[in-house]
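Participant: Attaching a single structure in C-alpha coordinates format; questions to follow.
The values are calculated or read from the model by the stated rules, or taken from the named source; none is laboratory data. Every value quoted in this text rests on a predicted model; they were computed, and no experiment measured them. Note: ideal-geometry Cβ built from the backbone for every residue, glycine included; neighbour counts use all protein chains shown. Keep in mind that these areas ignore ligands, DNA and RNA; they rest on the heavy atoms of the full protein, side chains included. Shrake-Rupley method; radii C 1.70, N 1.55, O 1.52, S 1.80 Å.
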Amino acid sequence: MEKVTRIRRGQAVKHNQEPCVVMEMLHKTPPNLAAFVQMSIRNIASGKVYHLRFSPGDSIETVNVERQNFEFSYIDPSGYHFLHEDTYEDVTVSEELAAPIKNYLVEGARYVLVFVEGRVASVELPTSIVMTVAEAPEGVKGDSTTNVYKSAVTESGLVVQVPLFIKVGDRLSIKTEDGSYLSRA
(Lines give C-alpha, C1' and ligand atoms only; values in the text may rest on other atoms or scores of the structure.)
Protein backbone atom coordinates (compact mmCIF):
# COMPACT_ATOMS: atom_id res chain seq x y z
CA MET A 1 0.00 0.00 0.00
CA GLU A 2 1.23 3.46 -0.92
CA LYS A 3 -0.08 6.91 0.03
CA VAL A 4 -1.91 8.45 -2.95
CA THR A 5 0.19 11.61 -2.67
CA ARG A 6 3.30 9.54 -3.56
CA ILE A 7 1.79 7.95 -6.69
CA ARG A 8 3.06 9.37 -9.99
CA ARG A 9 2.07 9.21 -13.64
CA GLY A 10 3.10 5.90 -15.24
CA GLN A 11 2.89 3.86 -12.04
CA ALA A 12 0.60 0.84 -11.82
CA VAL A 13 -2.06 0.46 -9.13
CA LYS A 14 -4.86 -2.00 -8.35
CA HIS A 15 -8.46 -0.85 -8.76
CA ASN A 16 -11.29 -3.39 -8.28
CA GLN A 17 -8.58 -6.07 -8.00
CA GLU A 18 -7.33 -5.36 -11.55
CA PRO A 19 -4.06 -3.68 -12.58
CA CYS A 20 -4.38 -0.13 -13.91
CA VAL A 21 -1.88 2.47 -15.11
CA VAL A 22 -1.98 6.02 -13.76
CA MET A 23 -2.50 8.37 -16.70
CA GLU A 24 -2.94 11.64 -14.85
CA MET A 25 -2.42 12.74 -11.27
CA LEU A 26 -3.47 16.09 -9.78
CA HIS A 27 -3.19 17.31 -6.21
CA LYS A 28 -5.70 20.12 -5.68
CA THR A 29 -6.31 22.44 -2.76
CA PRO A 30 -9.36 24.60 -3.53
CA PRO A 31 -9.87 27.73 -1.42
CA ASN A 32 -11.90 27.14 1.75
CA LEU A 33 -12.12 23.38 1.06
CA ALA A 34 -10.13 20.31 2.00
CA ALA A 35 -7.31 19.16 -0.28
CA PHE A 36 -7.87 16.16 -2.52
CA VAL A 37 -6.04 14.03 -5.06
CA GLN A 38 -7.66 13.42 -8.45
CA MET A 39 -6.41 10.45 -10.46
CA SER A 40 -7.20 9.12 -13.95
CA ILE A 41 -6.31 5.45 -14.42
CA ARG A 42 -6.68 3.04 -17.35
CA ASN A 43 -7.49 -0.64 -16.83
CA ILE A 44 -4.85 -2.69 -18.65
CA ALA A 45 -7.16 -5.56 -19.59
CA SER A 46 -10.26 -3.65 -20.71
CA GLY A 47 -8.83 -0.22 -21.57
CA LYS A 48 -11.57 1.48 -19.56
CA VAL A 49 -10.59 4.80 -17.95
CA TYR A 50 -11.61 5.60 -14.37
CA HIS A 51 -11.56 9.04 -12.74
CA LEU A 52 -11.01 8.68 -9.00
CA ARG A 53 -10.84 11.15 -6.11
CA PHE A 54 -8.99 10.53 -2.85
CA SER A 55 -8.19 12.47 0.29
CA PRO A 56 -4.42 12.98 0.82
CA GLY A 57 -4.31 10.46 3.67
CA ASP A 58 -5.75 7.57 1.63
CA SER A 59 -3.64 4.62 0.45
CA ILE A 60 -3.82 2.49 -2.70
CA GLU A 61 -2.25 -0.84 -3.63
CA THR A 62 0.62 -0.59 -6.13
CA VAL A 63 1.70 -3.15 -8.73
CA ASN A 64 5.26 -3.86 -9.89
CA VAL A 65 6.12 -2.32 -13.24
CA GLU A 66 8.83 -3.48 -15.64
CA ARG A 67 10.33 -1.06 -18.19
CA GLN A 68 12.23 -2.32 -21.24
CA ASN A 69 13.87 -0.58 -24.20
CA PHE A 70 12.38 -1.33 -27.60
CA GLU A 71 12.88 -0.04 -31.13
CA PHE A 72 9.82 0.86 -33.21
CA SER A 73 9.67 -1.32 -36.35
CA TYR A 74 6.46 -0.97 -38.36
CA ILE A 75 2.66 -0.69 -38.43
CA ASP A 76 0.28 -3.29 -39.84
CA PRO A 77 -3.43 -4.14 -39.32
CA SER A 78 -2.62 -6.10 -36.14
CA GLY A 79 -1.01 -3.05 -34.47
CA TYR A 80 2.28 -1.27 -33.85
CA HIS A 81 5.33 -3.54 -33.75
CA PHE A 82 8.30 -2.95 -31.45
CA LEU A 83 11.54 -4.95 -31.45
CA HIS A 84 13.47 -5.66 -28.22
CA GLU A 85 17.02 -4.32 -28.52
CA ASP A 86 18.75 -7.37 -27.00
CA THR A 87 16.51 -10.39 -27.58
CA TYR A 88 14.93 -9.25 -30.91
CA GLU A 89 11.52 -10.22 -29.52
CA ASP A 90 8.63 -8.64 -31.46
CA VAL A 91 5.94 -7.04 -29.29
CA THR A 92 2.70 -5.74 -30.82
CA VAL A 93 0.99 -2.74 -29.23
CA SER A 94 -2.72 -2.26 -29.95
CA GLU A 95 -4.12 0.72 -31.86
CA GLU A 96 -6.01 1.93 -28.76
CA LEU A 97 -2.86 1.99 -26.63
CA ALA A 98 -0.69 3.66 -29.28
CA ALA A 99 -3.30 6.19 -30.51
CA PRO A 100 -2.21 9.11 -28.27
CA ILE A 101 1.45 8.81 -29.35
CA LYS A 102 1.23 7.50 -32.93
CA ASN A 103 2.46 10.80 -34.46
CA TYR A 104 5.70 10.47 -32.46
CA LEU A 105 6.54 6.95 -33.64
CA VAL A 106 9.50 6.89 -36.05
CA GLU A 107 10.96 3.69 -37.48
CA GLY A 108 14.25 2.84 -35.80
CA ALA A 109 13.71 5.19 -32.83
CA ARG A 110 13.99 3.86 -29.27
CA TYR A 111 11.06 3.84 -26.85
CA VAL A 112 10.40 2.40 -23.39
CA LEU A 113 7.55 -0.12 -23.12
CA VAL A 114 6.00 -0.43 -19.67
CA PHE A 115 4.88 -3.94 -18.72
CA VAL A 116 2.48 -4.74 -15.87
CA GLU A 117 1.93 -8.43 -15.09
CA GLY A 118 3.40 -9.40 -18.47
CA ARG A 119 1.17 -7.10 -20.53
CA VAL A 120 2.13 -3.87 -22.30
CA ALA A 121 0.56 -1.08 -20.26
CA SER A 122 1.96 1.99 -22.02
CA VAL A 123 4.67 3.36 -24.30
CA GLU A 124 6.91 6.08 -22.86
CA LEU A 125 8.22 8.69 -25.29
CA PRO A 126 11.69 10.20 -25.09
CA THR A 127 11.79 13.91 -24.20
CA SER A 128 12.56 14.82 -27.83
CA ILE A 129 12.60 12.96 -31.12
CA VAL A 130 14.23 13.60 -34.50
CA MET A 131 11.85 13.60 -37.49
CA THR A 132 12.15 14.44 -41.20
CA VAL A 133 9.99 17.14 -42.79
CA ALA A 134 7.73 15.63 -45.47
CA GLU A 135 5.77 18.77 -46.45
CA ALA A 136 6.54 22.45 -45.91
CA PRO A 137 5.46 25.54 -47.86
CA GLU A 138 8.17 27.86 -49.12
CA GLY A 139 9.01 30.82 -46.90
CA VAL A 140 8.17 34.28 -48.22
CA LYS A 141 11.22 36.50 -48.75
CA GLY A 142 11.21 39.49 -46.43
CA ASP A 143 9.26 37.82 -43.61
CA SER A 144 12.46 36.88 -41.79
CA THR A 145 12.76 40.08 -39.75
CA THR A 146 10.29 38.80 -37.14
CA ASN A 147 9.61 35.42 -35.58
CA VAL A 148 7.26 34.13 -38.24
CA TYR A 149 6.37 30.46 -38.28
CA LYS A 150 4.78 28.16 -40.84
CA SER A 151 3.17 24.72 -40.56
CA ALA A 152 5.26 21.73 -41.60
CA VAL A 153 4.21 18.08 -41.75
CA THR A 154 6.67 15.42 -40.56
CA GLU A 155 7.14 11.88 -41.87
CA SER A 156 4.67 10.54 -39.27
CA GLY A 157 1.97 13.12 -40.06
CA LEU A 158 2.64 15.39 -37.09
CA VAL A 159 2.01 19.08 -37.89
CA VAL A 160 4.63 21.36 -36.30
CA GLN A 161 5.05 25.14 -36.33
CA VAL A 162 8.57 25.80 -37.64
CA PRO A 163 10.65 28.85 -38.68
CA LEU A 164 10.49 29.98 -42.32
CA PHE A 165 13.94 28.60 -43.26
CA ILE A 166 12.85 24.96 -42.74
CA LYS A 167 12.31 23.04 -45.99
CA VAL A 168 11.33 19.53 -47.12
CA GLY A 169 13.93 16.93 -46.14
CA ASP A 170 15.27 18.83 -43.10
CA ARG A 171 15.60 16.79 -39.91
CA LEU A 172 14.03 18.45 -36.87
CA SER A 173 14.27 17.85 -33.15
CA ILE A 174 10.73 17.96 -31.74
CA LYS A 175 9.69 18.15 -28.09
CA THR A 176 7.33 15.21 -27.40
CA GLU A 177 5.61 16.85 -24.43
CA ASP A 178 3.77 19.39 -26.57
CA GLY A 179 4.87 18.75 -30.18
CA SER A 180 6.87 21.96 -30.49
CA TYR A 181 9.92 22.62 -32.66
CA LEU A 182 13.25 22.63 -30.79
CA SER A 183 15.94 22.86 -33.48
CA ARG A 184 17.33 21.37 -36.65
CA ALA A 185 19.06 18.06 -36.07
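Participant: What's the center-to-center distance, using Cα atoms, between the stretch 18-64 and the stretch 91-139 in Å?
Facilitator: 25
Participant: May I ask you to evaluate 6.51 cos²θ - 1.76 cosθ + 1.60, the Karplus curve with θ = phi - 60°, for each residue of the stretch 116-132 and list the ³J(HN,Hα) values in order in whole Hz, giving x for glycine and proline?
Facilitator: Calculated HN-Hα couplings, in order: 10, 6, x, 10, 6, 9, 6, 10, 8, 8, x, 5, 9, 9, 9, 10, 9 Hz.
Participant: Any idea of the accessible area per residue across the stretch 77-150, 1.4 Å probe, to the nearest Å²?
Facilitator: Accessible area per residue, the stretch 77-150: 60 Å².
Participant: State to the nearest 20 debye the size of the charge dipole of the chain about its Cα centre, where the only charges are +1 on K and R beta carbons and -1 on D and E beta carbons.
Facilitator: With Lys and Arg at +1 and Asp and Glu at -1, about 820 debye.
Participant: Give the cross-link partners of residue 167 among the aspartates and glutamates, using a straight C-alpha distance below 20 Å as the criterion and excluding same-chain residues fewer than 8 apart.
Facilitator: Once the sequence-local aspartates and glutamates are set aside, what remains near residue 167 is 135, 138, 143, 155.
Participant: Of all the stretches in the chain, which is the longest one without any exposed loop site, taking chymotrypsin sites (Phe, Trp or Tyr not before Pro) in a DSSP loop (any state but H, G, I, E, B) with at most 13 other Cβ atoms within 10 Å?
Facilitator: Longest gap between qualifying sites, sites excluded: 1-87.
Participant: What GluC sites (Glu not before Pro) does the stretch 20-108 have in DSSP loop regions with at most 16 other beta carbons within 10 Å?
Facilitator: 61, 85, 89, 107
Participant: Find the percent of Cα-Cα distances in the stretch 25-107 that exceed 21 Å, and round it to a whole number.
Facilitator: 51
Participant: Hey, any idea what % of the chain's accessible area is carbon plus sulfur with a 1.4 Å probe?
Facilitator: On the chain, the fraction of accessible area on carbon and sulfur atoms equals 48 percent.
Participant: Moving to a separate point now. In nm², what is the average projected area of the convex hull enclosing the Cα atoms of the stretch 1-52?
Facilitator: The orientation-averaged projected area of the Cα hull of the stretch 1-52 comes to 3.8 nm².
Participant: In addition: For the stretch 48-185, what is the convex hull volume of its Cα atoms per residue in Å³?
Facilitator: Per residue, the Cα convex hull of the stretch 48-185 comes to 160 Å³.
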